[in-house]
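Worksheet for the structure shown next.
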Amino acid sequence: MPLFYQQTIDRHTKIGIWKIEESENFFLQTVPLQNEITHPHKRVQHLAGRYLLRYLFPDFPYELIRIADTLKPFLENEAYHFSISHCGDFAAAIVSRDKRVGIDIELIGDRIVKVKDKFINGIESGIINQFDTEITDLMKYTLMWSCKEAMFKWYGNGQVDFRKHMQLQAIYSDEIRNSIFTDFIFSKEKAKLLKLQTVFPDKFALSWLVTGV
């Protein structure tokens, strides 16, 4: 079974990563293909992410998923809140019965470092460069991009300036949980403190946040 990673946040909220080794037909036995996706690999990524939703919560109603104008998938009845992300041969999902969520999975590489000035401001660079840890610069910048992508998905309404509306306040590690935690001020609308968690299960970063509805 290619379930690569799973974590139960609480009895209402779960996270999973699926390593995609199956064909498209495997997922189509369970998951309806609601979107017109022409690229074969992106189509399998899409299906694997949605497959995870019901893997985490067996009664998840695929048939009720709708797509907002901002391209955020959602359930009109809000029986579940959920977020999906993909990279390479991995799909990640977070699902909650009672909390707003956002998730992002990113491969670690120099692609993100080359564009770091587009999503990290000078103050944030100073904070992450002072973070006393053995993780590499590539991991730090991937962590920052992943956290901001997770916030973008959590917000769900688009039109977010990653440098202006997402301001890193603090970064710290938890060796017991093998995680890195970050505090951000999200100020697109009313300023709100968001706490995110990041783990590095392989050659990628997985970041997520869970807040009250």
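The values are calculated or read from the model by the stated rules, or taken from the named source; none is laboratory data. Keep in mind it's a predicted model, so treat the numbers as computed, not measured. Please note: Cβ atoms are built from the backbone with ideal geometry, for glycine as well, and neighbour counts cover all protein chains shown. All accessible areas refer to the heavy atoms of the entire protein, side chains included, with ligands and DNA or RNA removed. Shrake-Rupley method; radii C 1.70, N 1.55, O 1.52, S 1.80 Å.
Looking at region 31-74 only, could you name the residues that are assigned to a helix (DSSP H, G or I), over 21 Å from the mean Cα position of the chain (by Cα) and in contact (Cβ under 8 Å) with a residue 24 or more places away in the chain?
Residue satisfying the conditions is Glu63 alone.
Do the conditions hold for Phe200, that is, is it modelled with pLDDT of 95 or more, more than 20 Å from Phe82 (Cβ to Cβ), surrounded by fewer than 19 Cβ atoms within 10 Å (Cβ to Cβ) and under 15 Å from the mean Cα position of the chain (by Cα)?
For Phe200, the condition - modelled with pLDDT of 95 or more, more than 20 Å from Phe82 (Cβ to Cβ), surrounded by fewer than 19 Cβ atoms within 10 Å (Cβ to Cβ) and under 15 Å from the mean Cα position of the chain (by Cα) - is not met.
Would you mind telling me which numbered condition in (1) within 16 Å of the chain's Cα centre (by Cα); (2) surrounded by 13 or more Cβ atoms within 10 Å (Cβ to Cβ) Asn157 fails?
Of (1) within 16 Å of the chain's Cα centre (by Cα); (2) surrounded by 13 or more Cβ atoms within 10 Å (Cβ to Cβ), only one is false for Asn157: (2).
Can you confirm whether Glu175 is over 14 Å from Ser125 (Cα atoms), modelled with pLDDT of 95 or more and among the charged types (D, E, K, R)?
no
Considering only region 75-86, state which residues are assigned to a strand (DSSP E or B) and either open to solvent by 70 Å² or more (accessible area, probe 1.4 Å) or in contact with a helix residue (DSSP H, G or I) (Cβ under 9 Å, 6 or more places away or on another chain) (or both).
Leu75, Phe82, Ser83, Ile84, Ser85, His86
Counting only residues that are under 18 Å from Phe90 (Cα atoms) and either free of Cβ contacts under 8 Å to residues at least 12 places away in the same chain or not aliphatic (A, V, I, L, M) (or both), how many does region 1-29 have?
Within region 1-29, residues that are under 18 Å from Phe90 (Cα atoms) and either free of Cβ contacts under 8 Å to residues at least 12 places away in the same chain or not aliphatic (A, V, I, L, M) (or both) number 17.
If the Cβ limit is 9 Å and pairs must be 6+ apart or interchain, which residue in region 128-142 that is touching a residue at least 60 places away in the same chain (Cβ under 8 Å) pairs with which residue that is in a loop (DSSP other than H, G, I, E, B) and surrounded by 12 or more Cβ atoms within 10 Å (Cβ to Cβ)?
Listed pairs, sorted by first residue: Ile135/Phe200; Met139/Ile108; Met139/Thr133; Met139/Phe200; Thr142/Ile108; Thr142/Gly109; Thr142/Phe200.
How many of the residues in region 49-80 are small (Gly, Ala, Ser) and in contact with a Lys or Arg (Cβ under 9 Å, 6 or more places away or on another chain)?
Of the residues in region 49-80, 1 are small (Gly, Ala, Ser) and in contact with a Lys or Arg (Cβ under 9 Å, 6 or more places away or on another chain).
For Ala93, only one of the following conditions fails: (1) assigned to a strand (DSSP E or B); (2) exposed (fewer than 12 other Cβ atoms within 10 Å of the Cβ). What is its number?
Ala93 satisfies all of (1) assigned to a strand (DSSP E or B); (2) exposed (fewer than 12 other Cβ atoms within 10 Å of the Cβ) except (2).
Test each condition in (1) more than 23 Å from Arg111 (Cα to Cα); (2) open to solvent by 70 Å² or more (accessible area, probe 1.4 Å) for Ile185 and report the one that comes out false.
(2)
When region 8-56 is examined, which residues are found to be open to solvent by 70 Å² or more (accessible area, probe 1.4 Å), among the β-branched types (Val, Ile, Thr) and more than 26 Å from Val199 (Cβ to Cβ)?
Thr38, the sole residue that qualifies.
Here is a list of conditions, (1) at positive phi; (2) in contact with a strand residue (DSSP E or B) (Cβ under 6 Å, 6 or more places away or on another chain), and Leu71 meets all of them except one; can you say which number that is?
Exception for Leu71: condition (2).
Has region 103-125 got at least one residue that is aliphatic (A, V, I, L, M) and closer than 21 Å to Phe27 by Cβ?
Among the residues of region 103-125, at least one is aliphatic (A, V, I, L, M) and closer than 21 Å to Phe27 by Cβ, which makes the answer yes.
What tally of residues in region 96-126 results from selecting those that are open to solvent by 40 Å² or more (accessible area, probe 1.4 Å) and out of contact with any Lys or Arg (no Cβ under 9 Å at 6 or more places or on another chain)?
Result for region 96-126: 11.
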